[in-house]
Amino acid sequence: MTQLGAIFRPQLPPEDLRSIARLADETGLEELWLWEDCFREGGVSAAAAALAWTERVRVGIGLLPVPLRNVAVTAMEAATLERMFPGRAVIAVGHGVQEWMGQVGARVESPVTLLREHLVALRALLRGERLTTDGRYVRLDDVALDWPPIGPAVPVIAGVTGPRSLRLSGECADGTLLTASTPPDGVRRARQLIDEGRAAAGRTGPHRLVVYLLAATGADAAERLRKELTEEGLADVPGLGVAGDAGTVAKAVQRLAEAGADTVVLQPTGDEPDPEGFVRFVAEDVRPLVP
């Protein structure tokens, strides 16, 4: 079954998260995703609060920019969330927006090298390993978590877009997160590149593919969708986004699933007039129509 989620966009103030997280939990939505866009809301702090306010919904952070974090800190935070809320925190890491990384003095010469080193070290630390490494960017000296996750290893997802990074995700991550700028054909191509990376690394286990889908419903849905795609410079890309009723949105979700998505996360427009209504729409109207 295709997993379904919704996004709490950081255009909303942090104090609005509590009611939306509880609504997602109460309505049976599988996943609620948060963003760590500069310079809005902290991903880990928001996720911890959302998890504490709820009982069952999984909370995804999409994504944590690796230039902003020492990998040991990422591992400590991920392990803490996992131990407090077993199986409910979903962690995605990625390059981050390079302009933002430059603004804070964290931009690196080779984002792909940094992400590779971060992924390898992060997954090792979350497996409870003691690690010494001297990479180009990641350097650890006899580091191990005092409180590693209990039980199965915590999956780490890479949020990436380019061909080299998609192959890297297949090679080094447990899943991949694709942005809402990815149409169904782009999902197919991404899955192919991910599989190339997995094959090169000799990996045969499952690799979860999470895809955001920009969605709008209501009387002005088409106009809001068109406005956002235009602002993002994506208005001419065929197959992006969906506007309409639950049936129309469910068909768009299914097209992504057929292209290779395991999880589709519905992303409201930045000017969504009723964020709580959007979550209820996803959980109560769209979910029953998605196999």
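The values are calculated or read from the model by the stated rules, or taken from the named source; none is laboratory data. Note that the structure is predicted; figures quoted are calculated from it, not measured. No Cβ is skipped: glycine too gets one built from the backbone with ideal geometry, and neighbour counts run over all protein chains shown.
Of note:
- The one condition in (1) touching a residue at least 40 places away in the same chain (Cβ under 8 Å); (2) on the phi > 0 side of the Ramachandran plot that residue 282 fails to fulfil: (2)
- Pairing residues of segment 139-154 that are free of Cβ contacts under 8 Å to residues at least 12 places away in the same chain with residues that are among the small types (Gly, Ala, Ser), at Cβ distances under 9 Å and at least 6 apart in sequence or on separate chains, gives 152/87.
- Close pairs from segment 7-28: first of a type in the set (D, E, K, R) and at pLDDT 95 or above, partner outside any helix (DSSP H, G or I) and buried (at least 16 other Cβ atoms within 10 Å of the Cβ), Cβ under 8 Å, at least 6 apart: 9/35; 9/267; 9/268; 9/272; 16/8; 22/54; 25/54; 25/57
- Test: residue 65 is under 16 Å from residue 173 (Cα atoms), in contact (Cβ under 8 Å) with a residue 24 or more places away in the chain and out of contact with any Leu (no Cβ under 9 Å at 6 or more places or on another chain): yes
- With respect to the conditions (1) under 14 Å from the mean Cα position of the chain (by Cα); (2) over 26 Å from residue 98 (Cβ atoms), residue 181 lacks only one, and its number is (2).
- Total residues in segment 101-113 satisfying the condition of being within 21 Å of residue 175 (Cα to Cα) and either surrounded by fewer than 19 Cβ atoms within 10 Å (Cβ to Cβ) or free of Cβ contacts under 8 Å to residues at least 12 places away in the same chain (or both): the figure is 2.
- Filter result for the condition that a residue is of a type outside the set (S, T, N, Q), touching a residue at least 24 places away in the same chain (Cβ under 8 Å), surrounded by fewer than 18 Cβ atoms within 10 Å (Cβ to Cβ) and out of contact with any His (no Cβ under 9 Å at 6 or more places or on another chain), over 238, 275, 268: 238
- Selected residue (criterion: surrounded by the most Cβ atoms within 10 Å (Cβ to Cβ)) from residues of segment 170-184 that are more than 19 Å from residue 237 (Cα to Cα) and small (Gly, Ala, Ser): 173
- Cross-chain or 6+ apart pairs with Cβ under 8 Å, segment 185-207 first and on the phi < 0 side of the Ramachandran plot, then of a type in the set (Val, Ile, Thr): 187/211; 190/176; 190/182; 194/176; 198/204; 207/176; 207/194
- Residue within segment 85-92 that is on the phi > 0 side of the Ramachandran plot and in contact (Cβ under 8 Å) with a residue 24 or more places away in the chain present: yes
- For segment 208-223, filtering for residues that are buried (at least 22 other Cβ atoms within 10 Å of the Cβ) and not aromatic (Phe, Trp, Tyr) leaves 8.
- Cross-chain or 6+ apart pairs with Cβ under 9 Å, segment 29-52 first and closer than 17 Å to residue 211 by Cα, then buried (at least 16 other Cβ atoms within 10 Å of the Cβ) and of a type in the set (Ser, Thr, Tyr): 30/263; 31/263; 32/54; 33/212
- Of the strands (runs of 3 or more DSSP E) contained entirely in segment 114-169, those carrying at least 3 residues that are modelled with pLDDT of 95 or more and surrounded by 18 or more Cβ atoms within 10 Å (Cβ to Cβ) fall at 156-159.
- Among the candidates 102, 62, residue that is within 15 Å of the chain's Cα centre (by Cα), at negative phi and of a type outside the set (Phe, Trp, Tyr): 62
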